[in-house]
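One structure, as structure tokens, below. Some questions next.
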Amino acid sequence: VANGLNTGITKLMQQIEYIYTLNQSPKDYCPDEKNVTSTVSTCCEHTVNLLKIHCTMISQSLANKATLEVYNQEITERLFQFVLKNLKKNIVNVEGGKNLINDLKYYLKFIENDLKMKSLINVSEIYTIDFSEGEGEENEAKETIDKTAKKKKYTRYKTVSKDIAKRICNPSLFLGVFTQDEVYELVGRRIDWYNIKPFVDKAVYGLDCVIC
């Protein structure tokens, strides 16, 4: 039975990967103004629809509740790992981070309501920390005192980078699901990563956090 269920889950994950291949767009998590949305992505919606059909079928055919719970836990963990793996392939901007929140909440709702599990962690907050706040002030300052504008920019980057660094170095923030180097890798998918990396690295090592 265990081998049969494992094979079934493997086939299911292959189907989910196919859905992602067909439906996920680079604009899902890195949208321009025309692609900002408050709804879940097509990819996420199709994935959950497939999971609902599959898991309903399994729940109706498995009489043993203990076996069903193990099965649901395995589905949850594999789905989480797949979403994480896929996220590492994408570039994420601030608006895209909000789209990611929508998708993760949609997955989480399915996991809690249908599978009765609570293993999917919301990691999208590391993408919604916005460095652009105050840019209007900065642009105005450039016309008057360029040095003041640069100082404001440096101060803001330093402050927000320290916030990101604290998240990287906090082992309990995501309930221990991620190692520090995994969180660092996820932060590296931010669209502004190469601009903020020196500030983040300086803050990280200043907090005595070791990234492998």
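The values are calculated or read from the model by the stated rules, or taken from the named source; none is laboratory data. A quick note: this is a predicted structure, and the numbers were derived from the prediction, not measured. We place every Cβ from the backbone using ideal geometry, glycine too, and count neighbours over all the protein chains shown. The area values use the complete protein model at the heavy-atom level, side chains included, leaving out ligands, DNA and RNA. Shrake-Rupley method; radii C 1.70, N 1.55, O 1.52, S 1.80 Å.
For the cross-link pairs 98/202; 158/197; 65/109, which exceed 18 Å when the distance is taken from alpha carbon to alpha carbon?
Correct reply: 98/202; 65/109.
How many nm separate the modelled label positions at residue 192 and residue 82, each set 7 Å beyond the Cα in the direction of the Cβ?
Result for the modelled spin labels: 3.3 nm.
Rounded to the nearest 10 Å², what accessible area does residue 201 show when all protein chains are kept and the probe is 1.4 Å?
30 Å²
Return the distance in nm (one decimal) between the two label points of a simple spin-label model at residue 14 and residue 151, each offset 7 Å from Cα along Cα→Cβ.
6.3 nm
For residue 45 and residue 67 in the same chain, what is the full-extension length gain: residue separation times 0.36 nm, less their Cα-Cα distance, in nm?
5.2 nm
Let me cross-check residue 52: its accessible surface, 1.4 Å probe, with only protein heavy atoms counted, in Å² to the nearest 10?
It works out to around 80 Å².
Based on the Cβ-Cβ distance of residue 163 and residue 108, what FRET efficiency does E = 1/(1 + (r/R0)^6) give at R0 = 25 Å, to the nearest 0.05?
In this case the efficiency is close to 0.55.
In nm, give the distance between the simple-model label positions of residue 172 and residue 116, each being 7 Å from the Cα along the Cα-to-Cβ direction.
For residue 172 paired with residue 116, the spin-label model returns 3.0 nm.
Keeping all protein chains in position, work out how much accessible area residue 105 exposes to a 1.4 Å probe, and write it in Å² to the nearest 10.
The accessible area comes out at roughly 130 Å².
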